[in-house]
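> Pasting a structure here, questions to come.
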Amino acid sequence: MNVNSDPLSPAETRWRILPQGDRCLIISFGEHIDAAIGRTCLAAARMLRDARLPGVTDVVPSFVAVAVHYRPGGQGEGPTYASLSEHIQALLAGGIPTGDAGGREVDIPVCYGGEHGPDLAEVARAARISPDAVIQLHSEPRSMVFMLGFAPGHAYLGVHDEKLNIPRRPSPRTAVPPGAVAIANRQTVIYPNRLPGGWNIIGATPLVMFDPAREPAALLQPGDTVRFVPIAPDEFDRIRGNRP
């Protein structure tokens, strides 16, 4: 893991700690999706995992916050919300290590448009650009994996060009096929299995995004950087046909 030796100071970072039920607390770093806030969440989550706080069972970053799950114990055996939040406050006050997001660089092949991307033309019309321009805006820059959520292995990526600030569909689909690559609000999701969804499907990847028999089961992890690589339909079929 590459980290800058100079941490973000408390003056550079603002946060709030709030209870979330009786076994979780939330550290909020902002109110809107932003790459810098996302990197802060990832760095803070890494720092808290490395601290191995007693009683903490999981640390989960999201777009603007970090969830810290813990197991409270009786008779003072485990952390309380008050004691854990105090401990976390002290850690954060020392600064959050900066640097890269700690992830890998991953190429995701995508077949855009046609049967694999039924909403591509509609997205292009809404953005007032051509379908090829949508593909270029989506595939040329690298995209960061902010978080996994909604379903196992369901990755949320971004933040894309303002032209791709397209709202979700007014009527969600009851079933979106696995591998579908969809956008909304300058973000991308990749559906790991057959799920309902209201995002705009612009393409599909032949890769398996979530496999319980694989280690790790999720192909993408928070902090990874993704390059979407446009492929032709025959290449999509070839990769899908050759996969285990």
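> Fully extended, how many nm does the chain gain between Arg214 and Phe150 (0.36 nm per residue separation, minus their Cα-Cα distance)?
Taking 0.36 nm per residue and subtracting the Cα distance, the gain is 21.1 nm.
> Using a 1.4 angstrom probe, figure out how much accessible area segment 105-242 has per residue, in square angstrom, rounded to the nearest whole.
46 Å²
> Could you report segment 16-94's accessible area per residue, 1.4 Å probe, as an integer in Å²?
Solvent-accessible surface per residue comes out at 52 Å².
> Moving to a separate point now. Would you work out what percent of the accessible area of the chain, with all protein chains in place, is carbon or sulfur (probe 1.4 Å)?
Here carbon and sulfur together make up 51 percent of the probe-accessible area.
> Same structure, new question: Can you give the accessible area of Glu122, probe radius 1.4 Å, in Å² rounded to 10?
90 Å²
> Rounded to the nearest 0.05, what FRET efficiency do Arg14 and Ala35 have when you use their Cβ-Cβ distance and R0 = 22 Å?
0.85
> Could you tell me whether segment 135-244 comes out rounded, prolate or oblate from its Cα gyration tensor? Rule is a ≥ b ≥ c as square roots of the eigenvalues, rounded for a/c under 1.5, then prolate if a/b exceeds b/c, otherwise oblate.
rounded
> Distance from the Cα centre of segment 199-229 to that of segment 44-61, in angstrom?
Segment 199-229 and segment 44-61 have Cα centres spaced 24 Å from each other.
> Same structure, new question: Got the relative contact order for segment 85-199 handy, in percent, Cα pairs under 8 Å and 6 or more residues apart?
The value is 18 percent.
> Also, I was wondering about something else. What is the Cα centroid distance between segment 138-164 and segment 167-196, reported in whole angstrom?
12 Å
> So, R0 is 35 Å and r is the distance between the beta-carbons of Arg186 and Glu235; what FRET efficiency does that work out to, to 0.05?
The pair Arg186/Glu235 has a calculated efficiency of 0.80.
> Expected output is a single nm value to one decimal: the length gained when fully extending between Ala82 and Ala133, i.e. 0.36 nm times separation in residues minus the C-alpha distance. What is it?
Value of the extension gain: 13.2 nm.
> What percent does the relative contact order of the chain come to when contacts are Cα pairs within less than 8 Å and at least six residues apart?
20 percent
> Can you compute the charge dipole magnitude of segment 151-244 about its Cα centre, using +1 on each Lys and Arg Cβ and -1 on each Asp and Glu Cβ, nothing else charged? Give it in debye, rounded to the nearest 20.
That gives a dipole near 280 debye.
> Label points 7 Å out from Cα along the Cβ direction at Ala121 and Ser171: separation in nm?
Distance between label points: 1.8 nm.
> Same structure, new question: Rounded if a/c is under 1.5, else prolate if a/b is larger than b/c, else oblate: which is segment 16-94, with a ≥ b ≥ c the root eigenvalues of its Cα gyration tensor?
prolate
> Describe numerically, in nm with one decimal, the distance between label points set 7 Å from Cα along Cα→Cβ at Asp161 and at Ala90.
5.0 nm
> Evaluate the distance, in nm, between pseudo-label points positioned 7 Å from the Cα of Asn193 and of Arg227 along their respective Cα→Cβ axes.
3.1 nm
The values are calculated or read from the model by the stated rules, or taken from the named source; none is laboratory data. Every value quoted in this text rests on a predicted model; they were computed, and no experiment measured them. All Cβ positions, even for glycine, are placed from backbone atoms using ideal geometry, and neighbour counts span all protein chains on display. Only protein heavy atoms, including side chains, enter the accessible area calculation; ligands, DNA and RNA are left aside. Shrake-Rupley method; radii C 1.70, N 1.55, O 1.52, S 1.80 Å.
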